[in-house]
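Every read-out reported here was derived from the displayed coordinates using simple, explicitly stated rules and does not represent laboratory data. Computed from a predicted structure; not experimentally measured. Cβ placement follows ideal geometry from the backbone for every residue including glycine, while neighbour counts extend to all protein chains displayed.
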Amino acid sequence: MTIREIFLDRGFRRPFIICLLAAAVWIVCFALVWKTVSLGEKLRADIVSSGRVMDYAARFKALPRTGGPAAVAGDPLGVLSQLVDALGLRDRLRQLQSNASGALIQIDRLYGGELRDLIDAAEKRGLVVRTAEIRALPSEGGRVLSVTIMVEPSR
């Protein structure tokens, strides 16, 4: 009996096709499980990274305000505008506006070190961060921040 005759035999063909279908189902299930596990790992890494951002925010908030900042030379809006230019953040600036109590600034695609430099420079010029909204966003080079900060002159 040749291989061709074996494949043409009805008693062999039906179980062989069933085995092939079962193998295909197993392969599809394995691929789905593998994809689910890899997505779960990515989600876990995102959650851990978000937790780190929140830890840094809590540490920053807990830092004592020492050495009283100098009085603001000019209005908060002007000071923030100078800081944005000095730190090279003008192209990422989304909003800069003044209100009755101070100024609001919104910057996108900001790295952690740049945010620290901005806040340090603002405090050296006599501004105090009243509120801040920090969002971590995925990027090609890692995570970047989108921040909205309300500052007011120190009293």
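Number of residues in segment 9-27 that are aromatic (Phe, Trp, Tyr) and not in a helix (DSSP H, G or I): the value is 0. Selection within segment 128-151: residues that are among the β-branched types (Val, Ile, Thr) and in contact (Cβ under 8 Å) with a residue 60 or more places away in the chain. The member of this set that is farthest from Asp85 (Cα to Cα) is Ile134. Taking segment 102-127 on its own, how many of its residues are buried (at least 18 other Cβ atoms within 10 Å of the Cβ) and farther than 16 Å from Val84 by Cβ? Qualifying residue count, segment 102-127: 1.
Taking residues in segment 18-32 that are of a type in the set (Gly, Ala, Ser), and partners anywhere that are not in a helix (DSSP H, G or I), not one pair has Cβ atoms closer than 9 Å while being at least 6 places apart or on different chains. Tell me which residues, restricted to segment 88-101, are surrounded by 15 or more Cβ atoms within 10 Å (Cβ to Cβ) and closer than 22 Å to Ser154 by Cα. Passing the criteria: only Leu96.
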